[in-house]
Amino acid sequence: MGGGRKRGRTQRRHFKQGRENVWKHNPQRPPAGEGGEGREGNPSWQPFATENPAFEEYYKEQQIIPEEEWDDFMSMLRKPLPSTFRINASCQFFQDICSQLENDFRKSLETEVSDEHEEDAIRPLPWYPGNLAWHLNFSRMQLRRNQALESFHEFLKRENEVGNITRQEAVSMVPPLFLNVQPDHHILDMCAAPGSKTFQLLEMIHQSTKPALLPSALVVANDVDVQRCNLLIHQTKRMCTANLIVTNHEAQNFPGCNLAKFCSETCMDEAKLQRLEFDRVLCDVPCSGDGTVRKAPDMWRKWNAGMGNGLHRLQVEIAMRGMGLLKVGGRMVYSTCSMNPVENEAVVAEILRRCGDSVELLDISSELPELVCRPGLSTWKVRDRGSWFGVHEDIPRYRKSVISPSMFPSGKGSQDVEVNTDVVDADMKDSTDMGEEGEQERNTAIDDSNNGDSAKTEEKTEVDCESGEALTRYKKLNFTSTRTEHSDYPLHRCMRIVPHDQNSGAFFIAVLRKHSPLNEIQVVDGVKSEQSISKDKTGKLEEDLGSDKVSSEENIVPQQVVDNTNAVDGEQNGDMDSKSSKDKSSEDAKVIVKETEKAQAGTRDRRQQNQGRWRGVDPVIFFKDEVTIKSIVSFYGIKDSFPLEGHLVTRNPDTSHVKRIYYVSKSVQDVLELNIKVGERLKITSLGLKIFERQSSKEGSPCTFRLSSEGLPLLLPYITKQILYASAIDFQHLLQYRTIKFPDFVDAKFGEEASALLPGCCVVVLREGKINYFS
């Protein structure tokens with residue numbers, strides 16, 4: 001359920017690191033009439049160039065692929081990505097969909113195979129459990145344009161729209177599988193939009209649950225961007241779940257909810273949830289995204305070596321925040337769609353270094369044996385402004401604040417204060433980098449490290465004027481460090497998925513287990529030098545998150561670094577809240593004190609209640625109007641075994657104007673109650689399953705609320721009134737005609753029962769074998 005007052009139209013495009021739509025016109029296309037024989041008769045259309053010398057040089061130097069495989073690797077990167085989708089095993093018709101794919105489409109599409117390396121037009125992904133994920137030997141473009149595939153394409157669109165399947169890149173399905181989700185787990189998806197992995201997690205918790213029963217599990221899906229939250233809500237709405245909460249926070253500043261901070265031990269109920277922790281955390285962080293070049297070919301043009309450097313610090317802070325929110329004994333999956341070791345192994349090594357023995361990097365190579373993957377790297381280099389560095393000591397002093405020690409395999413910084421005069425940076429453009437135009441188009445310049453080789457010499461001299469001799473050399477030469485490091489951590493346990501192994505995109509995955517509470521000293525060590533970058537925006541968190549303009553995570557890297565206590569486990573400090581921002585903490589305390597004083601005086605400000613804590617977002621209110629609830633229960637004959645008390649919520653505290661009532665699971669109810677007690681620290685944009693909607697009837701109905709189609713599958717087994725069972729022909733007539741007179745039903749008894757119903761909403765069920773159809 002959404003809670004924003006000023007929602008624009010939901011944007012149904014893929015918000016992946018703010019990139020533009022990949023199938024657009026080339027911005028460097030020639031004018032019409034200059035030789036562009038275009039697609040669909042468009043003379044200005046040109047395909048994206050699939051060349052970037054800097055990209056090839058970078059990854060050859062990093063040795064992510066053996067030299068003898070390089071040509072196969074690059075050849076596969078230049079091919080369009082085949083389409084893949086996943087069947088929702090918790091949906092009512094998943095067995096029928098599997099049968100249709102296996103027996104109908106698989107045979108009918110055999111003649112349409114488009115790749116000499118593939119034998120089947122469609123096939124199950126061998127590594128996905130239960131044959132629930134399928135690989136199509138067609139790109140998205142081919143599916144849209146090939147007439148022979150039209151019926152299959154329509155099938156995919158229709159089933160995707162109702163939530164029976166989810167169209168998702170194959171490698172993107174891997175991280176949730178390694179979480180080993182159980183039916184009672186509380187799960188946090190830290191950077192959830194656009195929502196495919198969140199939907200997958202919801203499938204997992206519902207898959208083992210019997211119909212009309214809710215799992216005790218919970219998924220909290222978070223994203224920093226309001227528009228992407230809308231996309232996330234739209235994606236997960238297809239699941240019709242009461243076990244989901246969608247929040248809008250910076251992942252590295254995800255708020256802690258610890259009741260001990262807000263009330264004394266005497267007023268705490270041991271039977272209630274005391275603090276918000278998670279059994280599983282999915283940390284699929286913002287990244288440069290160069291593993292997606294097959295489906296986003298504009299990445300060839302945009303890519304530069306500084307993109308990964310600029311995101312590294314944010315990725316570490318998000319991962320550390322996730323580790324702090326994880327329960328002892330829980331699993332966290334860290335993943336990116338990047339091939340860059342600075343975004344991958346370097347981040348994992350830094351997590352292990354900060355957390356010490358509290359965290360273990362797991363070997364999960366045997367958990368999906370048919371998934372082909374490579375071990376993580378133990379050594380790599382960092383490229384900055386045209387130069388290669390193997391150790392942090394070789395970084396010029398004026399760049400040490402940008403290129404941090406954690407980017408290197410050892411994670412150790414230089415103890416020297418002087419610049420190494422043997423280190424020579426290139427002030428001129430590197431001929432192997434993006435070229436003159438590419439250097440000017442660094443549109444993902446998140447950090448100063450993204451300024452590339454085009455940085456001005458004057459800036460260097462101004463920063464490090466005392467090292468004039470060294471800086472003069474930087475102008476003339478590119479430096480390549482001869483020293484290298486190897487990480488002492490078992491980074492080979494990480495997993496690298498490369499495109500030419502199984503005709504997919506590229507992905508990186510690491511699975512970590514938390515063995516004990518994090519030690520504050522372990523976490524603080526290594527970030528003190530980063531504190532000066534920002535005093536943060538979180539000092540006014542309420543104002544920033546409530547504003548109409550919300551920055552994407554990649555845009556906040558230069559200004560936003562979480563302070564050390566943001567990653568300290570609650571066992572040491574009582575909570576993982578941002579003690580980094582004293583202003584924020586004091587502001588929160590003032591809010592709680594003021595609300596307590598008003599409650600004691602019996603003069604709660606109604607305007608404040610209506611507005612809630614978060615500007616522009618409606619508050620979540622437990623619906624307790626007994627008169628309305630009793631009328632609903634009586635009208636539909638809802639059994640006592642269906643729990644309603646404490647499970648109904650709305651976004652409008654004025655019961656006379658409530659239009660929609662939502663149902664939440666017990667796990668969501670517990671989190672909501674905790675959130676209220678701690679001063680609404682969670683900014684909730686959506687939650688719950690819409691179950692009742694206000695109706696207006698000309699004839700007048702004893703009940704002012706009708707059943708919602710989203711909530712009907714959950715509620716149906718508990719309804720004893722306003723329900724009919726129709727024959728196939730009468731059910732067809734109900735769907736076919738706008739109005740039908742009672743005597744016109746083929747089954748006279750059905751017509752009599754229909755005429756005896758009270759005015760208002762009713763349910764018509766067609767029983768056909770074991771399948772129920774609702775109308």
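The values are calculated or read from the model by the stated rules, or taken from the named source; none is laboratory data. A quick note: this is a predicted structure, and the numbers were derived from the prediction, not measured. Positions of Cβ are backbone-derived with ideal geometry, glycine not excepted, and every protein chain shown enters the neighbour counts. Please note that ligands, DNA and RNA were not included when accessible areas were found on the heavy atoms of the full protein model with its side chains. Shrake-Rupley method; radii C 1.70, N 1.55, O 1.52, S 1.80 Å.
Summary table
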{"quantity": "Burial ranking of peptide ranges 332-340, 126-134 (average Cβ count within 10 Å, highest at the top)", "calculated": "332-340, 126-134"}
{"quantity": "Cβ-defined net charge surrounding F508, 15 Å radius [Lys, Arg +1; Asp, Glu -1]", "calculated": "-3"}
{"quantity": "Within the accessible area of the range 300-368 (1.4 Å probe), percent carbon and sulfur", "calculated": "43 percent"}
{"quantity": "Cross-link table K237/K659; K639/K721; K624/K721; K210/K624; K659/K721; K60/K381, entries beyond 20 Å C-alpha to C-alpha", "calculated": "K624/K721; K210/K624; K659/K721"}
{"quantity": "Quotient of C-alpha Rg and 2.2 N^0.38 Å, computed over the range 629-735", "calculated": "1.25"}
{"quantity": "Label-zone membership for the range 491-521, site N180, 7 angstrom Cα→C-beta point, backbone N under 12 Å", "calculated": "511-514"}
{"quantity": "Spacing of the two label points (7 Å from each Cα toward its C-beta) at D640 and E699, in nm", "calculated": "3.2 nm"}
{"quantity": "Reciprocal mean inverse distance between Cα atoms of the range 702-774 - Kirkwood radius, Å", "calculated": "13.2 Å"}
{"quantity": "Estimated FRET transfer efficiency (K412, V328; beta-carbon r; R0 25 Å; 0.05)", "calculated": "0.30"}
{"quantity": "Per-peptide average of other Cβ atoms within 10 Å, ordering 363-370, 500-507, 305-312 highest first", "calculated": "305-312, 500-507, 363-370"}
{"quantity": "FRET efficiency, F622 to R483 (Cβ-Cβ, R0 56 Å, nearest 0.05)", "calculated": "0.35"}
{"quantity": "Cβ-Cβ FRET estimate between F742 and Q274, R0 fixed at 51 Å, reported to 0.05", "calculated": "0.35"}
{"quantity": "Loop-located trypsin sites (Lys or Arg not before Pro) in the range 200-306, at most 16 other Cβ atoms within 10 Å (DSSP)", "calculated": "K272"}
{"quantity": "Rotationally averaged projected area of the range 335-388 (alpha carbon convex hull; nm²)", "calculated": "5.2 nm²"}
{"quantity": "Extension gain from E161 to V372, taking 0.36 nm per residue of separation minus the Cα-Cα distance", "calculated": "72.9 nm"}
{"quantity": "Spin-label pair I723/S516, simplified geometry with 7 Å Cα→Cβ offset, distance in nm", "calculated": "5.5 nm"}
{"quantity": "Solvent-accessible area, 1.4 Å probe, carbon plus sulfur percent, for the range 696-768", "calculated": "54 percent"}
{"quantity": "Net charge contributed by nearby residues that have their C-beta within less than 10 Å of D284 (K/R +1, D/E -1)", "calculated": "0"}
{"quantity": "Heavy-atom surface of the range 286-330, accessible at 1.4 Å and reported per residue (Å²)", "calculated": "11 Å²"}
{"quantity": "Whole-number accessible area per residue in Å² for the range 333-414, which is evaluated in the context of all protein chains at 1.4 Å", "calculated": "25 Å²"}
{"quantity": "Surface per residue (accessible, 1.4 Å probe) for the range 647-708, Å²", "calculated": "38 Å²"}
{"quantity": "Cα→Cβ-extended label distance, 7 Å offset, between L716 and E154, nm", "calculated": "2.6 nm"}
{"quantity": "Per-peptide average of other Cβ atoms within 10 Å, ordering 74-85, 50-61, 754-765 highest first", "calculated": "74-85, 50-61, 754-765"}
{"quantity": "The range 668-733 versus the range 126-177: alpha-carbon centroid distance in Å", "calculated": "31 Å"}
